[in-house]
Amino acid sequence: MLDVTKLLVGSESYGNSIRYADSARGYLTGTRAGCGPVVAWNMSRTCNLKCVHCYASSENKKYENELTTGEAKAFIKDLGEFHVPVLLFTGGEPLMRKDFFELAEYCAECGVRPTISTNGTLITPEVARRLQQIGVGYVGISMDGMEEIHDAFRGVKGAYQRSLQGIRNCVAIGQKVGLRFTINKHNVGELDQIIRLLEEESVDRVCFYHLVYSGRGSKMIEEDVTHEQTRAVMDRIIEAVLDFDRRGLKKEILMVDNHADGVYLYQWLKKNRPEQAEQVYGRLAVNGGNRSGMAFANVDNLGNVHPDQFTQHHTLGNVRERPFSEIWTDDSIPLLHDLRRRREKIHGRCAACGYYEICNGNFRARAEAIDGDFWDSDPACYLTDEEIAVGEGARL
């Protein structure tokens, strides 16, 4: 995640204490020394919607062999002992799992901060209060644009209004909530309206996600925005952050799933705010860019461990057979070993990039989706050859 607000105008949040902590520099198996990674757990594949860009290809049906409550608690207990800072409950739709609240509360008891990624349609006032009571640190609710586009993407008419009501129910009681917006060519024109929605609905945070070609999203390679559109999105986000700051509105805007954004922001600062550029570069270098298989992990509904949620066809082990902490620290697992030393494997434009240390090769899933080569360059890098060339202002 690239916290554009933090880097441009300064802001403090729990996530930033992990994202830009000096103790994280160079750490291979967690967010910092003595801690495990942030873990996203697809606790259930069942979902009440059918989103066209779903990496889990979820449907509204029961899936067999998902982790039981007891197995899930053993998994969560191990995460606590491994000092995992955050567990993201995701799906499918996590609120469709009957033991969600029991497991989220247990997560907090184990010293792991519970967060949830949800479509928001099931967040009634009572659910919002329960989330707050058990200590859910953050509720991320997916929005794909305004009503017509959102409902089309979610595959269910009325989804937009139900999601919006879920957001309002969280805002009403002070539960931290934010929007999650996945950018594609069908909704990129809704960007301004989403930014306005933050202000209109008193929402303090939005994460703009780049499309990663995985699950049903792998069919959307041709649905991605162009490199020129991506640059325009970044310019609009920078403008929005500065505008909110000028007007004294505390809004947190983040870009997710394309680490070329960090390079773009740094180069924007060199041109427009040179006095900030080197400090921001230092924070980006500490963060280290893409850290799938390092500071970020995914566990699916069956207990399989993956480098991230977009590489679920690459399995590192299963928490039913071996604790997550043992799997994650096993350097003999070939893919883990290679991801932690990926510069030796990556080739193409990424290998020669002068900003490798703040991007780390971006997303392997996108590279693999294009030509089957896991170590090829990420096709979603929108920077020109001149912008990434080794030279003045570039770093090796």
Selection from the range 322-361 of residues that are under 28 Å from ALA72 (Cβ atoms) and in contact (Cβ under 8 Å) with a residue 12 or more places away in the chain: PRO323, PHE324, SER325, ILE327, TRP328, THR329, ASP330, ILE333, LEU335, LEU336, LEU339, ARG340
Please determine whether any residue of the range 247-259 is surrounded by fewer than 18 Cβ atoms within 10 Å (Cβ to Cβ), in contact (Cβ under 8 Å) with a residue 24 or more places away in the chain and in contact with a helix residue (DSSP H, G or I) (Cβ under 8 Å, 6 or more places away or on another chain). yes
Output the number of residues of the range 107-125 satisfying the condition of being out of contact with any Ser or Thr (no Cβ under 7 Å at 6 or more places or on another chain) and either open to solvent by 50 Å² or more (accessible area, probe 1.4 Å) or assigned to a loop (DSSP other than H, G, I, E, B) (or both). 9
Among the candidates VAL225, VAL263, residue that is outside any helix (DSSP H, G or I) and either open to solvent by less than 20 Å² (accessible area, probe 1.4 Å) or of a type in the set (A, V, I, L, M, F, W, C) (or both): VAL225
Condition check: within 26 Å of GLN161 (Cβ to Cβ) and at pLDDT below 95. Does GLY91 satisfy that? yes
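Results for (1) out of contact with any strand residue (DSSP E or B) (no Cβ under 7 Å at 6 or more places or on another chain); (2) closer than 30 Å to GLY155 by Cβ; (3) modelled with pLDDT of 95 or more, shown as yes or no for each residue.
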position	(1), (2), (3)
ARG19	no, no, no
GLY70	yes, no, yes
GLY80	yes, no, yes
LEU87	no, yes, yes
ALA108	no, no, yes
Can you give me the ranges of the helices (runs of 4 or more DSSP H) entirely in the range 297-396 with at least 3 residues that are hydrophobic (A, V, I, L, M, F, W, C)? 324-328, 334-339, 364-371
Hey, can you tell me all the residues within the range 71-101 that are aromatic (Phe, Trp, Tyr) and open to solvent by less than 20 Å² (accessible area, probe 1.4 Å)? PHE75, PHE89, PHE100
Select from the range 279-313 the residues that are without any contact (Cβ under 8 Å) to a residue 40 or more places away in the chain and either among the small types (Gly, Ala, Ser) or open to solvent by 30 Å² or more (accessible area, probe 1.4 Å) (or both) and list them in ascending order. GLN279, GLY282, ASN304, HIS313
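Here's the yes/no breakdown for (1) surrounded by fewer than 16 Cβ atoms within 10 Å (Cβ to Cβ); (2) among the small types (Gly, Ala, Ser); (3) within 20 Å of the chain's Cα centre (by Cα); (4) outside any helix (DSSP H, G or I):
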| position | (1), (2), (3), (4) |
| --- | --- |
| ARG162 | no, no, no, no |
| ILE167 | no, no, yes, no |
| GLU190 | no, no, no, no |
| ILE194 | no, no, yes, no |
| LEU198 | no, no, yes, no |
| VAL203 | no, no, yes, yes |
| PHE208 | no, no, yes, yes |
| ASP235 | yes, no, no, no |
Of everything in the range 169-188 that's in a strand (DSSP E or B) and of a type in the set (A, V, I, L, M), which residue is farthest from GLU222 (Cα to Cα)? VAL177
All conditions in (1) under 24 Å from ALA40 (Cα atoms); (2) among the hydrophobic types (A, V, I, L, M, F, W, C); (3) assigned to a helix (DSSP H, G or I); (4) open to solvent by 10 Å² or more (accessible area, probe 1.4 Å) are true of ALA128 except (4)
Of the residues that sit in the range 268-277 and are open to solvent by 30 Å² or more (accessible area, probe 1.4 Å) and either within 18 Å of the chain's Cα centre (by Cα) or not basic (Lys, Arg) (or both), which one is nearest to LEU2 (Cα to Cα)? TRP268
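The values are calculated or read from the model by the stated rules, or taken from the named source; none is laboratory data. In this text, all values refer to a predicted model and were calculated from it rather than measured experimentally. Every residue, glycine among them, receives a Cβ derived from its backbone with ideal geometry; neighbour counts consider all protein chains shown. Surface areas here come from the heavy atoms of the whole protein model, side chains and all, with no ligands, DNA or RNA. Shrake-Rupley method; radii C 1.70, N 1.55, O 1.52, S 1.80 Å.
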